[in-house]
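S.K.: Got a structure for you, questions after.
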Amino acid sequence: MALIRWEPIRELDTIQSEFNRLFNSFFDTPTAGSGSGSPRRWVPPMDLIETEGEYVLRADLPGLAENDVKIELDENVLTVSGERKAEHEHRKAGYYRVERSFGSFRRSLTLPEGVDADAIQATFNHGVLEVKVPKPAQRQPRRVRISVGDREAQPAEIEGSETVRA
């Protein structure tokens, strides 16, 4: 009888590999009616950066032109959508490998209330979409004067070591 040493790290590697295989098979399933092999689900990477005066959204959209992308603002939800077409022909004989993902995508971001839709700017350069959304103006507190009886009170003043008048 052979003695086999148990190595927990190897077991963890096996479990991780199985989880990776499970998630990859879930997201790489063919879409209904595509008929072109096994397309992958395409979710373009996006960054959202907040500066002092605006929100900047950058999306990597390689292989697309500005006409392939649509940007909409509905209520306070900014939606970027589009589609990347497959660039290969369907072959019946032979084996080939397709790793580049394609298909339609849709990403939505909720913006703060009061964003001015007319002030949003979008540029598309070298496959990178950049959308700049100015922050809405913040409401400033308003000082209200207090009136006493029939007269309006004056703000308190402090002059040197004098007493405070109201």
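What follows is calculated from the coordinates using simple rules that are stated; it is not laboratory data. Model, not experiment: these values are computed from the prediction. Cβ: placed from backbone, ideal geometry, glycine included. Neighbour counts: every protein chain shown.
S.K.: Of R106, R58, how do they rank once you tally other Cβ atoms within 10 Å and put the fewest first?
M.R.: R106, R58
S.K.: Order by neighbour count: I49, I9, fewest other Cβ atoms within 10 Å first, most last.
M.R.: If I rank by nearby Cβ atoms, fewest first, I get I9, I49.
S.K.: Which order do D74, D60 fall in if you start with the one that has the fewest other Cβ atoms within 10 Å?
M.R.: D74, D60
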